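The numbers here are math on the coordinates, done by the rules we state, and not lab data. Computed from a predicted model, the values in this text were never measured in an experiment. Positions of Cβ are generated from backbone atoms using ideal geometry, with glycine treated the same way; all protein chains shown enter the neighbour counts.
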Amino acid sequence: MDYSIVHTDDVDVVDLSTVEEIPPDHDIRPIDDALGAENTRLKLWYIEPGEQIGYHAHSEQEELYYVMEGTFSVKIGRSGEEEVREVGPGTFFRAGPMVGHGYRNVGDERGVVLAVGAPAVEDPGLDPHSLDE
């Protein structure tokens, strides 16, 4: 089928702490799976206060983020050129391939971040500092 429609509440939350191969231990809603998306990854990440998605990069994937709830400290940029900025709801940020990015919930409540990545390939996180070598 060339189209699909799904409501957030109809997509089960997945506790990543139960998936040994996938750190970190956050909850996500795999919207892409529910939609049957083949070319784009689309996840809702639920990040508790003090928790983070560590600074990493991808070799092929561009990622776009939208902060829906919470306050985050975002670290983004190539190794040695990183920018750190505090952001809140309504903020978008983007990291192209080979560009380091990560974010920490610096607020007092659970945060929600929408993450969109393309292409939808297996592109495990890389250490951005190793890309300088």
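Assuming R0 = 22 Å, can you tell me the calculated FRET efficiency for the pair ALA37 and ARG78, based on Cβ-Cβ distance, to the nearest 0.05?
Working: r = 28 Å, r/R0 = 1.30.
About 0.15, to the nearest 0.05.
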query = Spin-label point model (7 Å from Cα, Cβ direction): what's the ASP123 to GLU62 distance in nm?
reply = 1.0 nm
task = Rank-order 27-33, 84-90 by packing density, defined as the average count of other C-beta atoms within 10 Å over each peptide's residues, highest first.
result = 27-33, 84-90
request  = Choose one of PRO119, HIS129, THR91: the residue whose Cα lies farthest towards the positive end of the charge dipole of segment 12-132 (beta-carbon charges +1 Lys, Arg; -1 Asp, Glu; about the Cα centre).
outcome  = THR91
key: Sum of side-chain charges, VAL87 neighbourhood, beta-carbon under 14 Å (Lys, Arg +1; Asp, Glu -1)   = +1
message = If neighbour count is taken as other Cβ atoms inside 10 Å, put THR40, THR18 in order from fewest to most.
response = THR18, THR40
query = Which net charge results when you count Lys and Arg as +1 and Asp and Glu as -1 among the other residues whose beta-carbon is under 12 Å from that of ASP27?
reply = -2
